[in-house]
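To keep things clear, I will list the structure first and then write my remarks on it.
The values are calculated or read from the model by the stated rules, or taken from the named source; none is laboratory data. Source: prediction; values computed, not measured. Reconstructed Cβ throughout: ideal geometry from the backbone, glycine too, with neighbour counts over all protein chains shown. The area values use the complete protein model at the heavy-atom level, side chains included, leaving out ligands, DNA and RNA. Shrake-Rupley method; radii C 1.70, N 1.55, O 1.52, S 1.80 Å.
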Amino acid sequence: MKRFECQAILFDLDGVLVDSTAYIEDQWRRWARARGLEPEPFLQVCHGRRAVETIRLAAPDLDAEAEVAGFKPEDVGTSVSLGPMEGAARLLGTLPTERWAVATSGPRLMATARLRQAGLPVPSVLVCAEDVLHGKPSPDVYLIAAAALAVSPRDCIVIEDAPAGIEAARAAGIGVIALTTTHGRSELDADACATSLADIHVGRIDHTARGARFLELLVVES
């Protein structure tokens with residue numbers, strides 16, 4: 001078991017809080033095939049990245065901005081059933097609402113719809129694709145989330161499932177706990193690895209000498 005101290009937790013969304021990995025991959029397969037493209041190059045880089053960066057990497061000859069502008073809004077809440085990741089509701093329920101945020105590579109409309117469909121709360125700080133100029137692996141989403149919580153990046157912990165997100169957290173100077181929900185442990189250069197949020201527990205919630213909220217996290221490593 002590993003122990004971490006922080007003042008706030010910054011969560012990725014897909015594959016961390018919401019069980020949407022298979023759905024995302026299916027979206028990319030359908031889009032690529034409709035464009036006459038092989039899906040595999042997109043599937044190799046899509047996790048943790050905004051759609052525009054995924055297209056730039058996998059199909060540099062395409063106009064990524066134009067392709068993303070042509071995306072149809074996903075129909076979450078009707079034909080799609082997305083649930084919470086194991087342990088997500090329990091962990092969020094133990095955290096003070098002002099001590100956690102979500103920083104995702106997806107657009108805001110999608111992020112809020114997925115959280116609600118999974119039965120999870122929408123946080124007061126939700127940083128999305130349209131809030132940054134550069135998506136993961138750039139550190140922007142996590143730096144913005146930390147600033148919005150009024151917490152220094154070094155006093156945060158990120159929970160991620162994708163190498164691009166881990167790289168973003170590292171670039172922001174934030175410690176990382178990785179979940180092996182989307183990638184194997186060998187691909188995740190994190191400070192600790194767990195199978196799911198069910199293996200992450202809040203030990204103590206206290207205050208520092210300066211009055212800041214202090215969180216103790218206990219991670220049962222996979």
Fill in the blank from the handout: If we keep only residues of the range 118-136 that are in a loop (DSSP other than H, G, I, E, B) and open to solvent by 40 Å² or more (accessible area, probe 1.4 Å), then the residue nearest to Ile166 (Cα to Cα) is His134
Exercise for the section: Look through Ala146, Ala101 and report the one residue that is touching a Cys at 6+ places or on another chain (Cβ under 6 Å) and modelled with pLDDT of 95 or more. Expected result: Ala146
Practice task
Sort out for me the helices (runs of 4 or more DSSP H) sitting completely within the range 1-115 that have 3 or more residues that are under 17 Å from Lys136 (Cα atoms).
Solution key: 40-45, 51-58, 64-69
Problem - Scan of the range 69-84 for residues that are open to solvent by less than 50 Å² (accessible area, probe 1.4 Å) and either more than 22 Å from Asp19 (Cα to Cα) or at pLDDT 60 or above (or both), ordered by number - result: Val80, Leu82, Gly83
Practice task
Among the residues of the range 181-199, write down those that are aliphatic (A, V, I, L, M) and outside any helix (DSSP H, G or I).
Solution key: Leu188, Ala190, Ala192, Ala194
Handout entry: Matching residues in the range 137-163 - criterion: being in a loop (DSSP other than H, G, I, E, B) and either open to solvent by 30 Å² or more (accessible area, probe 1.4 Å) or not acidic (Asp, Glu) (or both)
Key = Pro137, Ser138, Pro139, Leu149, Ala150, Val151, Ser152, Ala162
Exercise for the section: Test Ile174 against the stated conditions and say whether it is crowded, with 18+ Cβ neighbours inside 10 Å, touching a strand residue (DSSP E or B) at 6+ places or on another chain (Cβ under 9 Å), within 22 Å of Arg3 (Cα to Cα) and among the β-branched types (Val, Ile, Thr). Expected result: yes
Practice task
Select, from Glu221, Glu167, the only residue that is assigned to a helix (DSSP H, G or I), of a type outside the set (Ser, Thr, Tyr) and open to solvent by 10 Å² or more (accessible area, probe 1.4 Å).
Solution key: Glu167
